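**Q** I am attaching a structure below and will ask some questions about it afterwards.
The values are calculated or read from the model by the stated rules, or taken from the named source; none is laboratory data. Please read these numbers as outputs of a predicted model, since none were measured by experiment. Glycine also receives a Cβ, built like all others from the backbone with ideal geometry; neighbour counts cover every protein chain displayed.
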Amino acid sequence: MTARSWLRGRRAGLPPATRSRVRVERDVPVKMPDGISLLTDRWYSTSEGSDPIVLIRSPYGRQMVASDARLLAERGFTVIVQSCRGTFGSGGEFVPMFGEVEDTRATWEWMDAQPWAHDDVYLWGASYLGLTTWAASRAAPRPVPAMFVGVTSTDFRRSIFYPNGRFGLGTALFWRFVFHTQEQPSLKRLAAFARLIPTFRRATRAGVAEGADRRALSISDAPYQSWLDHGPTDPWWDPASLDDQLTMGPPILTFAGWHDLFIDAQIAEYEQIQAAGRSVRLIVGPWSHMSMGAHPVMIRESIDFFTTAPRPTGARIWFGGAQEFRELPSFPPATERCDWTLDGGGGLTLGAGSRSRGSRSFVTTAGNPAPALGGTTLFPPDMGSKNQKKRERRPDVLSYTSAELTDPVTIAGRPSVRLSIEGDAGPWFVRLCDVSPSGKSVNICDGVTGASPVREVEIDMSPAAHVFLPGHRLRLQVSADASPSYAAAPAGSRRTVVDEPERRSVLTLPTIAKPHS
């Protein structure tokens with residue numbers, strides 16, 4: 001044990017180390033069937049006998065998870081950390097999402113042939129490492145005792161590249177920036193990151209996905225072009241999906257954040273896992289994809305999950321507004337569906353609402369789509385909860401606001417919006433906000449569509465757990481754009497949200513304690 005690992009373990013609230021001395025064997029070449037080798041590190045204790053194994057495979061370099069590997073090894077595991085092909089010294093070409101099952105299967109055969117082999121191999125990973133964890137689940141030659149996946153999905157197409165059929169421009173482009181710079185020397189990488197935000201803003205200002213790689217990265221990037229060329233229904237994506245693993249396999253801990261880019265798909269996958277009868281534990285916190293506060297919780301909870309018998313189940317859920325974690329048997333809990341009606345005067349009323357007050361319209365702005373300003377994206381400046389003042393001032397963002405609440409409104413689950421519309425066809429973006437007594441509006445969850453019909457559109461929003469406190473107000477934003485998170489709607493298109501007696505627009509909230517009308 002090192003002083004640094006002792007301090008990290010203490011700050012994370014980890015159980016005491018059971019192995020006092022840990023060593024690492026670095027850069028071990030593991031040969032794949034096509035002849036290339038993947039570089040692999042082995043973290044292990046010097047105690048007698050073999051420890052169960054934790055397998056971690058990453059395209060971001062083995063050093064990125066070195067501290068986690070040490071913490072796991074100090075608590076009784078041999079940890080295998082492997083660089084995916086084409087990254088950090090591993091041979092071959094890295095093709096995101098493809099080929100991970102085959103490479104993991106060969107790695108498993110290599111592990112089983114080693115003198116330190118063990119029957120029990122645990123699977124661990126977050127983000128892309130979570131995808132390789134799902135790949136390892138498919139590749140496993142025998143039952144796995146447990147697995148941990150964090151802020152990830154079995155299918156990147158539907159979760160981050162084409163959520164509800166709309167291209168996730170900001171996430172796709174920033175992810176490619178990461179890969180183009182991550183193996184550069186530190187100073188050069190820092191300089192590139194310092195230039196990133198203004199360059200990225202210029203490259204995506206108009207919200208146009210075509211050519212954004214050349215504008216931001218100064219090259220035509222092959223993976224980015226592939227994602228753009230192959231739309232959300234293209235069978236090209238099918239071999240990269242691992243969703244067959246949701247209904248089978250070992251006990252699983254799934255770890256998520258309300259403002260993480262994977263949250264929508266991850267909760268849907270959790271529900272599938274649970275419906276299949278698998279043992280599953282869910283943890284959702286107030287995090288975005290790169291929240292520093294999430295990591296100590298992630299490592300503590302995964303070690304606890306691996307070392308506890310029987311494996312814990314249930315759901316530990318962060319409720320915003322109340323600012324607390326709550327332990328639930330599962331998520332979402334039992335709720336009532338409460339309708340809030342949008343009216344043409346900009347109001348949001350519980351129930352059927354008052355008489356209609358006319359329609360409201362906006363026109364999408366050429367070359368200047370409405371900004372994302374928060375939400376579930378990989379682009380750092382737009383991650384998470386933000387003050388919505390700048391968005392809500394724009395003429396191409398309609399806001400519908402409730403009266404001040406006299407009782408708390410607690411939601412848990414997936415809100416939805418039904419818009420009665422007219423005008424040009426195209427995509428939509430909606431956002432639920434909490435408005436404090438001071439007037440500050442912050443985003444809670446979003447909903448997005450691809451191309452939509454011109455009379456009525458149903459939009460499922462990302463799931464949420466939030467308490468709107470007395471004195472606060474609910475607000476729903478309606479727009480076409482959230483740039484650069486999503487590719488922009490056609491410029492100059494006219495959109496109308498209709499408010500007529502027989503055509504009302506409705507926000508439906510999954511509510512635990514039904515408020516008074």
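**Q** Within the group SER420, SER402, SER416, SER436, which residue is closer than 18 Å to ARG337 by Cβ and over 23 Å from the mean Cα position of the chain (by Cα)?
**A** When all the criteria are applied, what remains is SER402.
**Q** Would you check if THR406 is in a loop (DSSP other than H, G, I, E, B), modelled with pLDDT of 95 or more and either surrounded by fewer than 21 Cβ atoms within 10 Å (Cβ to Cβ) or not assigned by TED's automatic domain parsing to the domain that holds ALA425 (or both)?
**A** yes
**Q** A further question follows. Report every pair of residues separated by at least 6 positions or lying on different chains whose Cβ atoms are under 9 Å apart, first residue within segment 317-334 and hydroxyl-bearing (Ser, Thr, Tyr), second at pLDDT 95 or above and not in a loop (DSSP other than H, G, I, E, B).
**A** Taking only residues 6 or more apart or on different chains, the pairs are SER330/TYR270; SER330/GLU271; SER330/GLN274; SER330/VAL280; SER330/LEU282; SER330/GLY314; SER330/ALA315.
**Q** Also: Test ASP481 against the criterion of being acidic (Asp, Glu), more than 26 Å from ALA334 (Cβ to Cβ) and crowded, with 24+ Cβ neighbours inside 10 Å, and give yes or no.
**A** So ASP481 fits the description; yes.
**Q** Which ones in segment 469-506 are part of a strand (DSSP E or B) and out of contact with any strand residue (DSSP E or B) (no Cβ under 7 Å at 6 or more places or on another chain)?
**A** Answer for segment 469-506, where residues must be part of a strand (DSSP E or B) and out of contact with any strand residue (DSSP E or B) (no Cβ under 7 Å at 6 or more places or on another chain): just GLU500.
Here's the yes/no breakdown for (1) assigned by TED's automatic domain parsing to the domain that holds MET290; (2) touching a strand residue (DSSP E or B) at 6+ places or on another chain (Cβ under 6 Å); (3) of a type in the set (Ser, Thr, Tyr); (4) within 24 Å of GLY257 (Cα to Cα):
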site	(1), (2), (3), (4)
SER416	no, yes, yes, yes
SER438	no, no, yes, no
MET461	no, yes, no, yes
ALA465	no, yes, no, yes
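**Q** Mind listing just one residue for me: the one in segment 35-50 that is over 30 Å from the mean Cα position of the chain (by Cα) and modelled with pLDDT of 95 or more and, of those, farthest from ALA135 (Cα to Cα)?
**A** TYR44
**Q** Would you point out which residue out of ASP260, ASP264 is at pLDDT 95 or above and either in contact with a helix residue (DSSP H, G or I) (Cβ under 7 Å, 6 or more places away or on another chain) or part of a helix (DSSP H, G or I) (or both)?
**A** After ruling out the rest, the residue left standing is ASP264.
**Q** Oh, and also: Would you say THR254 is buried (at least 17 other Cβ atoms within 10 Å of the Cβ), out of contact with any His (no Cβ under 8 Å at 6 or more places or on another chain), of a type in the set (Ser, Thr, Tyr) and closer than 30 Å to ILE421 by Cβ?
**A** Against the criterion (buried (at least 17 other Cβ atoms within 10 Å of the Cβ), out of contact with any His (no Cβ under 8 Å at 6 or more places or on another chain), of a type in the set (Ser, Thr, Tyr) and closer than 30 Å to ILE421 by Cβ), THR254 does not qualify.
**Q** Among (1) of a type in the set (D, E, K, R); (2) in a helix (DSSP H, G or I); (3) exposed (fewer than 14 other Cβ atoms within 10 Å of the Cβ), there is one condition ARG201 misses while meeting the rest; what is its number?
**A** Going through (1) of a type in the set (D, E, K, R); (2) in a helix (DSSP H, G or I); (3) exposed (fewer than 14 other Cβ atoms within 10 Å of the Cβ) one by one, ARG201 breaks only (3).
**Q** Okay, moving on. Does PRO437 qualify as being assigned to a loop (DSSP other than H, G, I, E, B) and in contact with a His (Cβ under 8 Å, 6 or more places away or on another chain)?
**A** Answer is yes for this residue.
**Q** If I go through segment 208-257 residue by residue, how many of them are part of a loop (DSSP other than H, G, I, E, B) and small (Gly, Ala, Ser)?
**A** Selection size over segment 208-257: 7.
**Q** Also, quick follow-up: Are any residues in segment 19-53 assigned to a loop (DSSP other than H, G, I, E, B), of a type outside the set (Gly, Ala, Ser) and exposed (fewer than 14 other Cβ atoms within 10 Å of the Cβ), and if so, which ones?
**A** Those that are assigned to a loop (DSSP other than H, G, I, E, B), of a type outside the set (Gly, Ala, Ser) and exposed (fewer than 14 other Cβ atoms within 10 Å of the Cβ): ARG21, PRO33, ASP34, THR46, GLU48.
**Q** Quick check on segment 302-316: of everything there that is charged (D, E, K, R) and touching a residue at least 60 places away in the same chain (Cβ under 8 Å), which residue is surrounded by the most Cβ atoms within 10 Å (Cβ to Cβ)?
**A** Residue satisfying both the conditions and the ranking: ARG311.
**Q** Name the single residue that is surrounded by the most Cβ atoms within 10 Å (Cβ to Cβ) among those in segment 353-366 being at pLDDT below 80 and not polar (S, T, N, Q).
**A** The residue in question is GLY353.
**Q** Could you count how many residues in segment 203-232 are farther than 30 Å from VAL280 by Cα and either hydrophobic (A, V, I, L, M, F, W, C) or touching a residue at least 40 places away in the same chain (Cβ under 8 Å) (or both)?
**A** Result for segment 203-232: 19.
**Q** Here is a follow-up. Quick test of your reading of the structure: GLY347 fulfils all but one of (1) within 28 Å of SER485 (Cα to Cα); (2) among the small types (Gly, Ala, Ser); (3) touching a residue at least 60 places away in the same chain (Cβ under 8 Å); (4) surrounded by 15 or more Cβ atoms within 10 Å (Cβ to Cβ). Name the failing condition by number.
**A** (3) is the only condition that GLY347 fails.
**Q** Still on this structure, please answer the following. Looking at (1) within 28 Å of LEU469 (Cβ to Cβ); (2) more than 18 Å from the chain's Cα centre (by Cα), can you tell me which one VAL297 breaks?
**A** (2)
**Q** Can you name the residue in segment 246-283 that is of a type in the set (Ser, Thr, Tyr) and free of Cβ contacts under 8 Å to residues at least 40 places away in the same chain and, of all such residues, is nearest to TYR128 (Cα to Cα)?
**A** The residue in question is THR247.
**Q** Which residues, counting only those in segment 371-403, are touching a His at 6+ places or on another chain (Cβ under 7 Å) and not in a strand (DSSP E or B)?
**A** Selection gives THR376, LEU378, MET383, SER385.
**Q** Against the conditions (1) within 28 Å of GLU100 (Cβ to Cβ); (2) over 32 Å from the mean Cα position of the chain (by Cα), where does MET32 fall short? Just the number, please.
**A** (2)
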